[in-house]
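Structure, as structure tokens:
The values are calculated or read from the model by the stated rules, or taken from the named source; none is laboratory data. Nothing here was measured: the structure is a model prediction, and the numbers come from that model. In this analysis, Cβ positions are derived from the backbone assuming ideal geometry, glycine residues included, and neighbour counts consider all displayed protein chains. The protein model used for the area step is the full one, side chains on, heavy atoms only, and it has no ligands, DNA or RNA in it. Shrake-Rupley method; radii C 1.70, N 1.55, O 1.52, S 1.80 Å.
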Amino acid sequence: MMKFGTKAVHAGVEPDPTTGAIMTPIYQTSTYVQAAPGDHKGYEYSRTGNPTRNALENALAELENGKYGACFGSGLAATDCIMKMLKPGDEVISTNDLYGGSYRLFTKIYEDFGIKFHFVPMANAATVREKVNENTKLIWVETPTNPMMNIIDIEEMAAVAKEAGALLCVDNTFATPALQQPLDLGADIIMHSVTKYLGGHSDVVMGALVTKDDAIAEKMYFIQNSSGAVCGPMDSFLVLRGLKTLSIRIKQHCENGKAVANFLKDHPKVDKVYWPGFESHTNHAVAKKQMSGFGGMVSFTLKENTVEAATKVLSGTHLFALAESLGGVESLIGHPATMTHAAIPKQEREKTGVVDSLIRLSIGIEDAEDLLEDLKKALD
Ligand SMILES: Cc1ncc(COP(=O)(O)O)c(C=O)c1O
């Protein structure tokens, strides 16, 4: 069994069969010539299959200890594929603290197709069990959550899903397989916004699903081909390239995340700091159990809890660029209430802690001292 850093470099990739090229070529083609009808080399049309995309799908399946991977045009397109496995009348229990775009897809699109969603805090299983009934078909877990950095016990949720006869899907975007392997903990499907750490360089929008279940895989590939929300070969190549450094990037993200979280904790203008590495974090013990590091995402609030005070900090950094998204090598700063989570009504978002002064940091792989200096100046 290879260690993760080795797998990140080699997973899914074979020398190109025609030339021996060590890097998977970008098969920039929509179709493939057949010698006679049905007599082809395994590829017919690039929506259905493309060698560059397939190499990436295999790589992701291997990194997540799964059997099957499928890549999509975005994380939301991957989530959309899972929703299409459901039928009207089915019910989904989702964490109430989740990426705003997932919430929008669930409530503004799939509710209209007759799927019922329950959004609940998932810090303990009892709250989730209360919502289970015979229609429950899916439990949707994001851990760590975006942006509150809540931690949900995947093993516990897998037990609830099993009792309910429902599937458990884990959005593993924040942790990545470098820190957390949900399939090993009992999840049925993993969803990724590949856009983030897997791509790692803020140059691609992509999503992926991974499973080891044959029946789920069959549905997943059927929907991928039928709905057609696939990614292109150039983007697949960029992510294959990004994956090779996933392991070392994540180590640096974790190290810098720790330095920034501790700096903020002691800052007089900062109120709360959300980072699962703190012993005082509600589910620190669960994070320690299921993750091998605490990641590079940190959120915090200001003692002056206003949009104006937050805006001053958000416009005052130089290294931390004010932008949506996360998980790239460069540090980003964002304001969930008006940016990533603007799709969630104020009353709803405030219930989960997304208050006006909440600031989210995606801490890059720069030198920590420079990042601390940048934050210090912006907070002064
Ligand atoms: C945790 C999480 N899940 C899903 C998504 C959606 O991914 P995409 O933007 O690639 O569609 C995001 C994007 O920000 C995210 O942060």
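Please compute the length gained on full extension between Glu373 and Glu304, using 0.36 nm multiplied by the number of residues separating them and subtracting their Cα-Cα distance. Spell out each step's value before the answer.
Values: separation 69, 0.36 × 69 = 24.84 nm, distance 2.12 nm.
Working it through step by step, the gained length comes to 22.7 nm.
For the chain, adding -39500 (n - 2.57) for each run of n ≥ 4 DSSP H residues and dividing by the number of residues yields -10000 deg cm²/dmol at 222 nm.
Which whole number in µm²/s is D for the chain by Stokes-Einstein, with the Kirkwood Rh taken over Cα pairs at 10 °C and 1.306 mPa s? Display every interim value, and only then the final one.
Working: Rh = 21.3 Å.
Estimated diffusion coefficient is 75 µm²/s.
With a threshold of 21 Å on the Cα-Cα distance, the over-threshold entries among Lys87/Lys162; Lys3/Lys288; Lys258/Lys351; Lys137/Lys219 are Lys258/Lys351. In the range 84-177, a dipole from Cβ-located charges (positive for Lys and Arg, negative for Asp and Glu) runs towards its positive end, and of Asn135, Gly89, Val120 it is Gly89 whose Cα lies farthest in that direction.
Which percent of the accessible heavy-atom area of the chain goes to carbon and sulfur, probe 1.4 angstrom? Taking all protein chains in place, the chain shows 54 percent carbon and sulfur surface.
With R₀ fixed at 51 Å, the C-beta to C-beta distance from Arg241 to Glu134 puts the FRET efficiency at about 0.65. Applying 1/(1 + (r/R0)^6) with r as the Cβ-Cβ distance of His40 and Ser227 and R0 = 30 angstrom yields a FRET efficiency of 0.80.
Too long at a 31 Å Cα-Cα cut-off: which of Lys196/Lys265; Lys289/Lys346; Lys212/Lys272; Lys196/Lys377; Lys41/Lys196; Lys41/Lys212? Write out the running numbers ahead of the final one.
Details: Lys196/Lys265 26 Å; Lys289/Lys346 33 Å; Lys212/Lys272 39 Å; Lys196/Lys377 27 Å; Lys41/Lys196 33 Å; Lys41/Lys212 26 Å.
Among Lys196/Lys265; Lys289/Lys346; Lys212/Lys272; Lys196/Lys377; Lys41/Lys196; Lys41/Lys212, the Cα-Cα distance tops 31 Å for Lys289/Lys346; Lys212/Lys272; Lys41/Lys196.
With +1 on the Cβ of every Lys and Arg and -1 on the Cβ of every Asp and Glu, and nothing else charged, how large is the dipole of the range 202-351 about its Cα centre, in debye rounded to the nearest 20? Around 380 debye, computed over the range 202-351.
What you get for the chain, charging only the Cβ of Lys and Arg (+1) and of Asp and Glu (-1), is a dipole of about 60 debye around the Cα centre. Eigenvalues of the alpha-carbon gyration tensor of the range 40-80, scaled by 5 and square-rooted, set the equivalent ellipsoid semi-axes at 19, 15, 7 angstrom, largest first.
Across the range 105-213, the volume of the C-alpha convex hull divided among the residues equals 118 Å³ per residue. Rounded to the nearest 20 debye, the dipole magnitude of the range 170-260 is 400 debye, with +1 charges on Lys and Arg beta carbons, -1 on Asp and Glu beta carbons, and the Cα centre as origin.
Between the listed residues Gly199, Gln180, Ala164, the Cα displaced farthest toward the positive end of the dipole of the range 118-209, a dipole computed from Cβ unit charges relative to the Cα centre, is found at Gly199. Rolling a 1.4 Å probe over the protein heavy atoms gives the chain an accessible area of 43 Å² per residue.
Residue by residue, the range 168-177 carries 3J(HN,Hα) couplings of 10, 10, 10, 7, 9, 4, 6, 7, 6, x Hz when phi is fed to the Karplus relation 6.51 cos²θ - 1.76 cosθ + 1.60 (θ = phi - 60°); x denotes Gly or Pro.
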